Amino acid sequence: MKKTNRREFLKKAALTGASALVAPSILSASAATSGSDNFSPEPAGRGGNLIVPPAQELRISGTFIDEISHDIPHQNWGEKEWDRDFRYMKNIGIDTVIMIRSGYRKFITFPSEYLRKQGCYMPSVDLVDMFLRLAQKHGMKFWFGLYDSGKYWDTGDLNHEVECNKYVIEEVWNKYGSRYDSFGGWYLSGEISRSTGKEMGAFHAMGKQCKDVSGGLPTFISPWIDGKKAVSAASGQITREDAVSIQQHEKEWDEIFDGIKDVVDACAFQDGHIDYDELDAFFSVNKKLADKYGIQCWTNAESFDRDMPIKFLPIKFDKLRMKLEAAARCGYDKAITFEFSHFMSPQSAYLQAGHLYDRYKEYFGIK
């Protein structure tokens, strides 16, 4: 009998599980659609069986929207589904939605004249306009994520991102900025973790242009910590040995923050690349540095699990809880997540996401 290793077994199990999820997810979305004009999320109270102290602070109040992705699947939602998802978000206190990138390589979220001339494909729907309208409808702020050409990931050089975003920033502000009060800020979408001496100039140039063109609207970044779980999404590994030390992380981010402090208003470090018993140490350093340079300290509380060889599935509730608790202990200013619609929404393609939503509401006593 042929032996099957654990990784092959998990891959097969994931495929089987994904096909099993489709029918319940469709039924759930269909049920939510009926009578959608009178939509009301199911009530939930503080769970009587929880043995941890009830949470008092630092709820998730922002989420990325990942409509142009390279490592999680599209859910192929239209405006009806997105409208419903904004209402689910609003129900748990989310007031900020951040489009993680306005385009990636040739796929884009809005009909940009400049990007189409660079060979990008015409989108079927203007998602930027739709998200701005929905944010306005639901009393939220929308933050625009800059274009990602993919060349930074190929070469490690952010200069091309600076060049192409010169045109994207101008075009987007002229097209949408004056039309929508919900346009709340900018996300500088290049993700970094370490100081190489090159990234500060690129982030400074993009951040300054965003602020100049929009009359000073805020900007933020969401870097990753080069920890033990910072492995490639395409890799079969889930950990590595050569993780950054606390001391080196502090030294490098002291330099980076010093170089961008006048054009970046907030920093939301991704929290999934370090182990749970390292959270307080790294979070304390992040908060100390942010305070030193007058930058708001946010946490990007990842709602997907990095501890499994299957990439990526909704996270176990206790892992999310522990990360939010650590951020609260360290005095963080805001918690956002990557990302609600795939990993926490009751209408996600992943059945586990709706259960995470319910556990989160129980923990915070949200009705």
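The values are calculated or read from the model by the stated rules, or taken from the named source; none is laboratory data. Model, not experiment: these values are computed from the prediction. Cβ atoms come from the backbone with ideal geometry, glycine included; neighbour counts cover every protein chain shown. Quick note on the areas: whole protein, heavy atoms, side chains included, nothing else; ligands and nucleic acids left out. Shrake-Rupley method; radii C 1.70, N 1.55, O 1.52, S 1.80 Å.
Remarks
- Per-residue packing, averaged as other Cβ atoms within 10 Å, sorts the ranges 129-135, 272-278, 295-301 into the order 295-301, 129-135, 272-278, beginning with the highest.
- DSSP beta bridge pairing in the chain, given as percent antiparallel to the nearest 5: 10 percent
- Inter-centroid distance (Cα atoms) of the stretch 104-125 relative to the stretch 335-367, Å: 31 Å
- Calculated [θ] (222 nm, deg cm²/dmol) that DSSP helices of n ≥ 4 give over the chain, each run adding -39,500 (n - 2.57): -13000 deg cm²/dmol
- Using a cutoff of 8 angstrom between alpha carbon atoms and counting only pairs six or more residues apart, the relative contact order for the stretch 46-144 works out to 30 percent.
- Entries of 261/316; 90/251; 251/334 with Cα pairs more than 27 Å apart: 261/316; 90/251
- Applying a length cut-off of 24 Å (Cα extent along the axis) and a mean Kyte-Doolittle floor of 0.0 to the DSSP H helices of the chain leaves 6-33.
- Members of 175/208; 80/166; 106/137; 211/319 lying beyond 26 Å, as alpha-carbon distances in this model show: 80/166; 106/137; 211/319
- Accessible area expressed per residue, the chain, with surrounding protein chains retained (probe 1.4 Å, Å²): 45 Å²
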